[in-house]
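Notes to accompany the following structure.
What follows is calculated from the coordinates using simple rules that are stated; it is not laboratory data. Just so you know, these numbers come straight off a predicted model, no measurement behind them. Positions of Cβ are backbone-derived with ideal geometry, glycine not excepted, and every protein chain shown enters the neighbour counts.
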Amino acid sequence: MKRDIERYQQDYVAQHGFEAVLVQYRQRLLTERLQVLRPKVVLEVGCGPNLVYAHYLRAGGSEIAWTIVEPAHVWCASAREKKLPGMRVVEGFIEDSVDAVMAALPRAPDLVICAGVLQEVISAQAMLIAIQKIMGKQSVLHINVANAASFHRRLAVCMGLIKTPETFSERNIQAQQHRVYTFETLIADVESAGFSVLRQGGHFVKPFTHAQMAAITPALGEAVLDGLYEMGKLDYEAACEIYVEVRKQKSFDAAHLDTAPFLADASVTTKS
């Protein structure tokens, strides 16, 4: 079973709203981490319509070997059309494309970026195991997901709108998401896939829902939005997006594992 990529593309564009603002701050965070980690070879899992590499280059980053694996044909075509230096594009789900990705990479990646994707796949374990097979011993994997314990979800609980922070919202369902993560559940998933956590953090405290934020963003202005971004880095438990950076456990080798058994991921909760 695969995600409905065609519908996902259409819904993503149609419902972008405040997500377009949040994408800018997500890319700012990724650019900051790239500047710290200084990778020479990068693999990005799921690029969407907004290329992190393009943002990184505009921010003054130097040309590096950057490979994208993306299942949506439209976004693959858009990425290829941009003809960014050192960039290669592999079309397909990473779970099915391990060999093709490894052939496209010049060597094991220094950094793998998986931003805003893990909560949306049918099996988080299948994706993580596929990534594990591609990584080298020193590779770092950056995973960014929405935070179930974010300020706005806690506020919704206090208002009686949802029962728990983990309750699925209409937006979760619209985006074909299969889970909402806390730090605890995210770390549990990456550790069960053979990773050790090096760093954890977050960005952007979002006080209200996407629809409410879209309505008030013009009145807030850039200074307030920048402040909310920085606040999320300081108080990442309340941030609307959280991340972990992980490395392969020395005692764990995924090379012999087949991703197929993980397609019936026990952690998947289907909502209708």
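Structural descriptor for region 5-245: relative contact order 19 percent, calculated from alpha carbon pairs under 8 angstrom and at least 6 residues apart.
For region 183-246, just say rounded, prolate or oblate: build the C-alpha gyration tensor, square-root its eigenvalues into a ≥ b ≥ c, call rounded for a/c under 1.5, and beyond that prolate if a/b exceeds b/c, oblate if not. Cα axes put region 183-246 in the prolate bin. Net charge within 11 Å of N144 by Cβ-Cβ distance, Lys/Arg positive one each and Asp/Glu negative one each, not counting N144 itself? That sum, taken over residues with Cβ under 11 Å, equals 0. For region 64-176, the extents of the C-alpha atoms along the principal axes are 52, 33, 24 Å, listed from largest to smallest. Taking the radius of gyration and the Kirkwood hydrodynamic radius from Cα positions alone, what is the Rg/Rh ratio for region 15-104, to two decimal places? That ratio is 0.96, to two decimals. The order of E81, E91, E241, E44, going from fewest to most other C-beta atoms within 10 Å of their C-beta, is E81, E91, E241, E44. Between amide H atoms placed 1.01 Å from N, distances below 5 Å from I68 occur with E44, R88, V89, V90, all of them 5 or more places distant or on a separate chain. A straight chain from K40 to I187 at 0.36 nm per residue would run longer than the Cα-Cα distance by 50.3 nm. Between the DSSP loop rule and a limit of at most 15 other Cβ atoms within 10 Å, which trypsin sites (Lys or Arg not before Pro) in region 65-121 are left? Sparse-neighbourhood loop trypsin sites (Lys or Arg not before Pro): K83, R107. Each label was represented as a point 7 Å from its Cα along the Cα-to-Cβ direction; for R247 and D226 these points are 3.4 nm apart. For region 153-167, putting each phi into the Karplus relation 6.51 cos²θ - 1.76 cosθ + 1.60 with θ = phi - 60° gives couplings of 6, 5, 4, 4, 5, 5, 7, x, 7, 9, 7, 9, x, 8, 4 Hz, in residue order, rounded to whole numbers and with x for Gly and Pro.
Here R153, R28 are placed in order of increasing Cβ neighbour count within 10 Å, fewest first, which gives R28, R153.
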